[in-house]
Amino acid sequence: MVPSIVWSLIFSVVILNVIVRLTNIKIDALRQRYTSPDKEDLRPCTVNEMKSFLGLLINSAIFKSNNEDMCTFFATGGTAIILTCLHCDNPNDREMHVASDSAVSIAEMFYKLLKNSQNCYS
């Protein structure tokens, strides 16, 4: 099976769009703190960039390079920003949800990934 098809079975377009939207919320908040908000590194993340980034994370885990300094592994500006701003929940309402359930920040994404994985093996 082609790797890109396998990838899309686990990380569906819906999941990637949610991750990109929530990551871009954090990037927007970070952009507000810079004197030069039109800096290239602070532009919104795209789905293709997120696919590449997640692929690098998975690759680093497969080859056990996850003990390396992540700043050197993801040295380019845009990738470092994605690493800093990666989110699976809305940072604007996190405090409200975390008070009731500490795992709420990843629960929705986890269950979507779990469902996709189960669909692949059933």
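Would you mind getting me the FRET efficiency between Ala61 and Thr84? Use the beta-carbon distance for r and R0 = 22 Å, nearest 0.05. Can you show the working numbers first?
Numbers: r = 19 Å, r/R0 = 0.87.
Efficiency, rounded to the nearest 0.05: 0.70.
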Two-site label geometry, Asp28 and Met109: point separation in nm, points 7 Å out along Cα→Cβ
1.8
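We did not get these values from a lab; they are worked out from the coordinates using the rules stated. Note that the coordinates shown come from a computational prediction; the quantities given were computed from them, not determined experimentally. When we count neighbours, we look across all protein chains shown, and the Cβ atoms used for this are built from the backbone with ideal geometry, even at glycine.
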